[in-house]
Amino acid sequence: MPYIDIFNGDADGILALHQLRLTNPHKSRLITGVKRDTKLLQYALSTHDSVITVLDISSHANREPLLQLLNQGNTIHYFDHHFAGKIVENSLFHSHIDTSPSVCTSILVDRYLEGKYRLWAVAAAFGDNLHSSALQLAESLKLDLKKTEKLRELGELINYNSYGETIDDLHFSPKTLFMALHPFADPFDFIETSLELKHLRRGFRSDMRKAGEKHTLRQSSVGRIFLFPNDAWSRRVSGTFINQVARESPELAHAILVERTDGTFLVGVRAPIARPYGADTLCLKFSGGGRVAAAGINHLAPEDIECFFDTFEKQF
């Protein structure tokens, strides 16, 4: 029977799939993209009578193609933590969806696999800015600080690679990065030998130096908003940068606007870490989406910026 794996191109999506394929290896067609390319099920619509695994993309955003694929006799295993709307009811649909703010898709896969490849879930949770959850998983494995820090960097670098307007903005396509990871059951072996990771480390340091020169666009008692220019480095580093400033000020909400080539803005939103709710609610009002703690908008029109600022203030 044909297999298709559809996954978000960030650390959570890649490492969730990696855990599953370490457990159940088989050849499959891979469908993925940049982090914000979440409407991925549309690329599988010609599929009939196959097994499809979907990881770390909203079922709400993909509802119509999801229903079509089920009607075409496909068995679908769905692991996700984003806003889901009404869960589909179908005997061919196997749902592992939990939108709690303390979980990511790799943690859901870790639960499903009963912790078999938990080291990868630790890295993924760090990459998804769920440091508290990552540290709890690390503690369950009795990892020392040095190993925990290595997994943190691994997750954050893989996640850093996922941000861009197109694949051309990234250092590596998510598919290439997944295939580089594929031979490794132990993340520490990958960390020690991977040329891809060395490349990402250099790129990350360069991009973060540029990001450090940017100043806050707006600041209030509820949060901070940053503006980055239309440049590949801005898009690459936007997710890592907003996660970092969110951790620095856990009582505040944060947003980052990155100008796109068409004049609209790519927006990332982080709810206060101390109160990790409301990011998805805010972004849904501007045709965006995500999860309760972290969400985004793919195309914010310039004329909607002031409205976004006001809604941000009211939401948080």
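The values are calculated or read from the model by the stated rules, or taken from the named source; none is laboratory data. Note that this is a predicted model, so its numbers are computed, not measured. For neighbour counting, all protein chains shown are included, and Cβ atoms are generated from backbone atoms with ideal geometry for every residue, glycine included. Just the protein is used for accessible areas: all its heavy atoms, side chains included, with ligands, DNA and RNA removed. Shrake-Rupley method; radii C 1.70, N 1.55, O 1.52, S 1.80 Å.
Please list, ordered by chain and number, the residues whose modelled amide H lies under 5 Å from the amide H of Asp37; skip anything fewer than 5 residues away on the same chain.
none
If R0 is 22 Å, what FRET efficiency do you get for Ile167 and Gln42 from their C-beta distance, rounded to 0.05? Mind showing how you got there, number by number?
Details: r = 17 Å, r/R0 = 0.77.
The computed FRET efficiency comes out at 0.85.
Please work out the C-alpha center-to-center distance from segment 254-269 to segment 97-120 and express it in whole Å.
Their Cα centres are 30 Å away from one another.
Of the trypsin sites (Lys or Arg not before Pro) in segment 129-209, which ones lie in a loop per DSSP and count no more than 13 other C-beta atoms within 10 Å?
Taking segment 129-209 and a limit of 13 other Cβ atoms within 10 Å, the loop trypsin sites (Lys or Arg not before Pro) found are Lys142.
Mind checking which of His171, Met208, Ile158 is farthest towards the positive end of segment 139-212's charge dipole, using Cβ charges of +1 (Lys, Arg) and -1 (Asp, Glu) about the Cα centre?
Toward the positive end, the furthest listed residue is Met208.
Taking the Cα centre of segment 144-262 as origin and charging only Cβ (+1 Lys, Arg; -1 Asp, Glu), how large is the dipole, in debye to the nearest 20? Please report the intermediate quantities before stating the final value.
Details: 18 positive and 18 negative charges, 56 e Å.
My answer is approximately 260 debye.
Using a simple charge model, +1 on the beta-carbon of Lys and Arg, -1 on the beta-carbon of Asp and Glu, nothing else, what dipole does segment 1-107 show about its Cα centre, in debye to the nearest 20?
On the way: 8 positive and 10 negative charges, 37 e Å.
Value, rounded to 20: 180 debye.
Quick one: dipole size for the chain, taken about the Cα centre, charges +1 on Lys/Arg Cβ and -1 on Asp/Glu Cβ, in debye to the nearest 20. Each step should come with its number before you reach the end.
Values: 35 positive and 38 negative charges, 98 e Å.
Computed about the Cα centre, the dipole is about 460 debye.
Choose one of Ser91, Val122, Tyr112: the residue whose Cα lies farthest towards the positive end of the charge dipole of segment 87-140 (beta-carbon charges +1 Lys, Arg; -1 Asp, Glu; about the Cα centre).
Val122
With respect to the cross-link table entries Lys39/Lys86; Lys35/Lys210; Lys142/Lys175; Lys175/Lys214; Lys86/Lys150; Lys39/Lys210, which display a Cα-Cα separation exceeding 28 Å?
Values: Lys39/Lys86 17 Å; Lys35/Lys210 21 Å; Lys142/Lys175 32 Å; Lys175/Lys214 31 Å; Lys86/Lys150 38 Å; Lys39/Lys210 31 Å.
Listed pairs above 28 Å: Lys142/Lys175; Lys175/Lys214; Lys86/Lys150; Lys39/Lys210.
Compute for segment 1-106: radius of gyration divided by Kirkwood radius, i.e. Rg/Rh, restricted to C-alpha atoms, rounded to two decimals. Please report the intermediate quantities before stating the final value.
Numbers: Rg = 12.5 Å, Rh = 13.6 Å.
Taking Rg over the Kirkwood Rh, I get 0.92.
Keeping all protein chains in position, work out how much accessible area Arg218 exposes to a 1.4 Å probe, and write it in Å² to the nearest 10.
90
Between Asp144 and Ala232, 0.36 nm times their residue separation minus their Cα-Cα distance comes to what?
Working: separation 88, 0.36 × 88 = 31.68 nm, distance 3.61 nm.
Fully extending the segment from Asp144 to Ala232 adds 28.1 nm.
So with the 1.4 Å probe, I'd like the accessible area per residue for segment 1-54, rounded to whole Å².
37
So what J values fall out for segment 17-32 if you push phi through Karplus, 6.51 cos²θ - 1.76 cosθ + 1.60 with θ = phi - 60°, rounded to Hz, Gly and Pro as x?
In residue order, the calculated couplings are 5, 4, 4, 5, 7, 5, 6, 10, x, 6, 6, 8, 7, 9, 10, 7 Hz.
Counting only Cα atoms, I'd like the Rg/Rh figure for the chain, Kirkwood definition for Rh. Display every interim value, and only then the final one.
Values: Rg = 18.6 Å, Rh = 19.6 Å.
Here the Rg-to-Rh quotient is 0.95.
What is the extension gain from Ser91 to Gln72, computed as 0.36 nm multiplied by their sequence separation minus the C-alpha to C-alpha distance, in nm to one decimal? Before the final figure, lay out the partial values.
Numbers: separation 19, 0.36 × 19 = 6.84 nm, distance 1.29 nm.
Extra length available between Ser91 and Gln72 comes to 5.6 nm.
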